[in-house]
Amino acid sequence: MLESSNLLRIPGPTPIPGCVTRAMSKPMIGHRTEEAKQLLIRLKEKIKPVFGTNQDVIILAGSGSAGLEAAIVNITDVGDEVLVLVSGNFGERFAEICEVYGLKVHRIEVEWGKAIDPQEVEVYIQKNPNIKAVFVTSCETSTGVLNPIPEITAAVREHSNALVAVDGVSSVGGVDTQMDAWGVDVLVTGSQKAMMLPPGLCFVAASERAWEVIHENKRPRYFLDLRKYLNNAAPYTPAVSLLMGLEAALDLIAEEGLENVYARHLTMMEMTRAAVKALGIPLLTDEESAAPTVTTLVPADFEGDKLRKQLKADFGLELAGGQKHLKGKVVRIGHMGYCAPADVLQVISLLETGLQRIGKDITPGQGIQAAQAVFLQSGGQA
Ligand SMILES: *Cc1c(COP(=O)(O)O)cnc(C)c1O
């Protein structure tokens, strides 16, 4: 098979635009040079709109989990009570890290595939006034749910001073995000999902009141100590090549316009969902809680992993399976970052072919027709 026919449609890592690859292959520069300093100054302003914040967005070398860990170690100290909202694998990870760091962890859990109910959070936070921070996943990548972050944040803020920390790893850059307007205190994302970069960077922004807590916090921390990055964006050697790529990716986003980026993701979500439904395959999430970046199908009468293997073998198309107890039970299609409606039509067409290859009885073309209809109705938002 041609090397280029590796079609990466998992919910991260995601494909990299050519201009980003080219930017990353520029000659190395010293990280203490004027050139590097200027790059960091430009990035500082260019990244803010993607977070919907006027605060500094701190860039760390590390995967998304390093960002989650940074959020936790900077705003909590041993023995603090925290509430973690768990709607899937990444909510569990948040809770796990909190436990490792000696926090008293309260949990609200929902069935995987469902969204967190802000009212439940509101009731819980009123009953537990000692909770100092709430941790919640924006897009729960393991299920394809988009949790209602504005409503959850409002519910917490109305009754408590607890900080709200959000894992936006598979949403920031693909889903409308207004950190300041929503009152989010800490927002984390990673490079390899909707940001169109390879894995290796994570980003953390904090609100004014979160910074107060961070400055006062006595918990020992070193590399992940956000205070060190506040007046010096690169206290340690930054991932220089990835930063060069980041500028190219942010320029691409600015060129398209953030609103168009978000609309494109919604169109891709709707196309994918319509196609899957037309093929008679159930979806894990309902309309209201579906994430614009990843869609999860439930193969009720065929083997999802067999389909994935077939698609990989025939076309080099990579889809994701399930995590934890959903392993073998779902198929996840990533449509975020460097992905357009044209790619969705390709994925659906290959999906139909793959389903026939493994012997599932479908009407070929039904999925494609449904996806095309959504695209046409969207007014051609490509
Ligand atoms: C991918 C992802 C992460 C981070 O995972 P890493 O492998 O550490 O980069 C965290 N949260 C969510 C919601 C994710 O999708």
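In summary, residue 106 fulfils each of the numbered conditions (1) surrounded by 16 or more Cβ atoms within 10 Å (Cβ to Cβ); (2) within 23 Å of residue 190 (Cβ to Cβ) with the single exception of condition (2).
Listed by position, the strands (runs of 3 or more DSSP E) contained in the stretch 40-133 that have at least 1 residues being within 16 Å of the ligand (Cβ to nearest atom) and hydrophobic (A, V, I, L, M, F, W, C) are 57-61, 81-86. Taking residues in the stretch 62-73 that are of a type in the set (Gly, Ala, Ser), and partners anywhere that are within 11 Å of the ligand (Cβ to nearest atom) and assigned to a helix (DSSP H, G or I), the pairs with Cβ atoms closer than 7 Å and at least 6 places apart or on different chains are 65/93. Of all the strands (runs of 3 or more DSSP E) wholly in the stretch 136-239, which have at least 3 residues that are assigned by TED's automatic domain parsing to the domain that holds residue 61, within 23 Å of residue 117 (Cα to Cα) and away from the ligand (no atom under 11 Å from the Cβ)? Filter on the stretch 136-239 gives 163-167. Within the stretch 116-127, no residue that is on the phi > 0 side of the Ramachandran plot sits with its Cβ atom under 9 Å from a residue that is surrounded by 14 or more Cβ atoms within 10 Å (Cβ to Cβ) and of a type in the set (Ser, Thr, Tyr) at 6+ positions apart or across chains.
Only one of the numbered conditions (1) among the hydroxyl-bearing types (Ser, Thr, Tyr); (2) in contact (Cβ under 8 Å) with a residue 60 or more places away in the chain; (3) farther than 28 Å from residue 293 by Cβ is violated by residue 222, and that is (2).
If you check 314, 286, which single one turns out to be in contact with a Gly (Cβ under 8 Å, 6 or more places away or on another chain), exposed (fewer than 15 other Cβ atoms within 10 Å of the Cβ), acidic (Asp, Glu) and modelled with pLDDT of 95 or more?
Working: 286 fails: in contact with a Gly (Cβ under 8 Å, 6 or more places away or on another chain).
One residue alone meets the criteria, 314.
Residues of the stretch 238-279 that are farther than 19 Å from residue 197 by Cα and among the β-branched types (Val, Ile, Thr): 267, 272, 276.
Pairing each residue of the stretch 344-371 that is on the phi > 0 side of the Ramachandran plot with any residue that is not in a loop (DSSP other than H, G, I, E, B), provided the two are 6+ apart or on different chains, yields C-beta distances under 8 Å for 365/352. Look at (1) over 17 Å from the mean Cα position of the chain (by Cα); (2) hydrophobic (A, V, I, L, M, F, W, C); (3) buried (at least 19 other Cβ atoms within 10 Å of the Cβ) and you find that residue 223 fails only one, number (3).
The values are calculated or read from the model by the stated rules, or taken from the named source; none is laboratory data. What you see is a predicted model; the values in this text were computed from it and never measured. All Cβ positions, even for glycine, are placed from backbone atoms using ideal geometry, and neighbour counts span all protein chains on display.
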